[in-house]
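Nothing in this text is a laboratory measurement; each read-out follows from the coordinates by a stated rule. Since this is a predicted model, take the numbers as computed values, not measurements. Don't worry about glycine lacking a Cβ; one is built from the backbone with ideal geometry, like all the others, and counts go over all protein chains shown.
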Amino acid sequence: MRLRDRRTARAAAWSAARAAALGLGASLALSACTGGAIGQSTAASNGQSFVSGSAGTTVYGATSGPAAPRVTGTLLSGSKFALAEYHGHVVVLNFWGSWCTPCRAEAPSLSQLARHFTPSGVRFLGVDIRDSPATAEAFQSRFGISYPSLNDPGDEIALDFRDTVPPAGIPTTLVIGRNGRIAARVIGEVSYPGLRGLITRALAAPA
């Protein structure tokens with residue numbers, strides 16, 4: 001092989017290696033707050049399939065969204081809780097973890113929205129993923145989160161949603177209408193105006 005050809009081959013190999021490294025880096029960045037059951041791509045009942053960690057908002061019709069499953073568990077406080085206790089209310093269900101950077105970023109907005117909408121009958125509920133109760137409670141105290149959270153160290157509650165609207169990454173936030181059907185899902189960090197709009201829409205929908 002001539003010198004010129006060898007140089008061309010080496011340059012092509014270096015470019016391919018660099019592209020592969022960049023692709024790996026992008027993949028790792030995308031999945032920084034995913035993993036376990038919640039990091040799997042699962043087909044929802046509406047026929048769509050969501051890629052692990054893909055950020056975005058999906059809005060469902062007021063009466064055509066998938067029904068929320070029967071969720072039961074133990075709150076961080078240690079008491080038992082069933083999601084059915086909130087039936088008849090608009091519910092904001094947030095999957096989070098104290099170890100997750102976007103969860104820390106969105107926590108102030110969730111705290112403010114809870115204070116704003118609770119007088120209107122909206123109920124907020126967290127699902128704390130892969131945390132110890134002590135660490136999770138310190139997180140809530142730091143960000144002034146007063147609404148309760150279920151303790152889900154093994155992703156069991158997240159798995160309850162695998163056949164409806166699965167949380168494809170952390171954080172994931174679901175807005176559930178008064179009729180018990182999921183009205184919207186946000187994968188990734190919520191914004192105050194974005195989530196406020198989704199809650200307002202759910203409140204305006206018929207029960």
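Using label points projected 7 Å from each Cα along Cα→Cβ, tell me how many nm separate Ser191 and Ser146, to one decimal.
Here the modelled spin labels are 2.7 nm apart.
What percent of all Cα-Cα pairs in segment 75-159 falls in each 10 Å bin, counting up from 0?
Cα pair-distance distribution for segment 75-159, in percent: 18, 53, 28, 1.
Determine, from the Cβ-Cβ distance of Ala134 and Thr72 and an R0 of 30 Å, the FRET efficiency 1/(1 + (r/R0)^6), rounded to the nearest 0.05.
Numbers: r = 23 Å, r/R0 = 0.76.
Efficiency, from the Cβ-Cβ distance: 0.85.
Roughly speaking, what % of Cα-Cα pairs in segment 129-207 are separated by over 20 Å, rounded to a whole number?
Details: 1329 of 3081 pairs.
Summing the P(r) of segment 129-207 above 20 Å gives 43 percent of all pairs.
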